[in-house]
Amino acid sequence: MRARSSRVVSLADEAYAAIRMEILKGQLRPGTPLSRRRLARKLGMSVVPVTDALRRLEEAGLVEIRARAGTRVRVPSDADIHALYELREALETQSARLFAERATPAQRLDLRRLARQLDVLFSRLATGGDDAAFRFMVHSRHVQFHLRIAERAASPLLRQMIDRSHVLTMNWLFDVAGRRTALPPGFHARLVNALVSGDPDAAEAAMRAHVHYGLAEITGRISTLAATEWRERKKAGGSIRTRP
């Protein structure tokens with residue numbers, strides 16, 4: 001019984017990772033209906049681990065489940081988006097202040113390097129067409145960049161709160177769903193200039209501006225998404241690969 005239970009857990013983890021990746025790649029967009037049976041067939045598993053995965057994705061804010069209506073990729077409201085940005089601002093401006101105060105010279109140099117690399121990747125993303133795998137990689141690097149700031153702020157609890165509150169993952173979802181305007185050149189390098197200055201007030205102000213950049217565009221585009229369907233149409237496709 002224990003071996004069977006652990007196998008279900010591992011399948012649920014696999015389903016969670018596969019569905020999450022498709023959402024964050026933009027291949028399952030906000031409002032897309034999700035059928036447990038269809039997902040189970042595509043993934044080559046039973047409905048049980050898929051159901052568990054969808055429940056966890058709901059807890060992470062990526063999926064919404066409504067009784068007698070169905071399951072779909074979450075369509076955030078304007079209030080959801082603004083609340084998320086407020087939380088992210090509160091956590092990351094404090095992270096920026098502490099980094100400015102506590103980071104070592106070597107850590108400051110390392111963050112400059114990461115920012116330059118990230119700006120190059122975002123520039124390539126803006127001109128490289130619709131490559132879902134590359135977009136996923138760039139946004140993964142972006143999340144790690146912001147978590148690195150929190151780690152170098154030498155506040156393990158703050159870093160944990162940023163991670164567990166899903167603010168960076170939800171920002172990723174909002175970017176994929178709602179941002180069409182490319183980031184300005186040197187966007188992350190300019191943020192880091194303030195963070196490495198040693199001035200906590202300047203670091204806080206720069207992070208606040210960084211967090212709020214493009215909010216109006218994202219809110220406007222997401223608010224136009226069709227949000228009426230909950231059930232997946234019979235012939236709907238998907239890009240989640242089946243298990244061999």
Taking 30 Å as R0, compute the FRET efficiency from the Cβ-Cβ separation of ARG66 and ALA182 and round it to 0.05.
0.25
Please list 3J(HN,Hα) in residue order for the range 34-51, calculated via the Karplus relation 6.51 cos²θ - 1.76 cosθ + 1.60 where θ = phi - 60°; whole Hz, with x for glycine and proline.
10, 9, 4, 5, 5, 4, 4, 5, 5, 8, x, 9, 7, 6, 4, x, 5, 4
Lys/Arg +1, Asp/Glu -1 at C-beta; the chain dipole; positive extreme among GLY31, PHE122, GLN144
GLY31
Answer rounded, prolate or oblate for the range 81-174, using the Cα gyration tensor with square roots of eigenvalues a ≥ b ≥ c: rounded when a/c is under 1.5, else prolate when a/b is larger than b/c, else oblate.
oblate
Which order do ARG72, ARG97 take by accessible area at a 1.4 Å probe, largest first?
ARG97, ARG72
Determine the shape class of the chain: with a ≥ b ≥ c the square roots of the Cα gyration tensor eigenvalues, call it rounded for a/c under 1.5, and otherwise prolate if a/b is greater than b/c, oblate otherwise.
prolate
Computed magnitude of the charge dipole of the chain (debye, nearest 20; Cβ of K, R +1, Cβ of D, E -1)
1400
Residues whose placed amide H lies under 5 Å from that of VAL63, excluding near-sequence neighbours
GLU58, ARG74
Note, the range 66-75: 3J(HN,Hα) by Karplus (6.51, -1.76, 1.60, θ = phi - 60°), whole Hz, Gly/Pro = x, goes 10, 4, 6, 10, x, 10, 8, 5, 4, 9
Simple spin-label estimate for ARG29/ARG148, 7 Å along Cα→Cβ, in nm, reads 3.2
Return the carbon/sulfur percentage of the accessible area of the chain, one whole number, probe 1.4 Å, all protein chains in place.
53
So for the range 12-149, using the alpha carbon gyration tensor with a ≥ b ≥ c as root eigenvalues (a/c under 1.5 gives rounded; past that, a/b versus b/c decides prolate or oblate), I'd call it prolate
The range 115-122 - phi-based ³J(HN,Hα) in whole Hz, Karplus 6.51/-1.76/1.60, Gly and Pro as x:
5, 4, 4, 5, 5, 4, 5, 5
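The values are calculated or read from the model by the stated rules, or taken from the named source; none is laboratory data. Keep in mind that this is a model prediction, so the values were computed, not measured. Using ideal geometry, Cβ is built from the backbone for each residue, glycine included, and neighbour counts are taken over all protein chains shown. Each accessible area value is taken on the protein alone, full model and side chains, heavy atoms only, with ligands, DNA and RNA left out. Shrake-Rupley method; radii C 1.70, N 1.55, O 1.52, S 1.80 Å.
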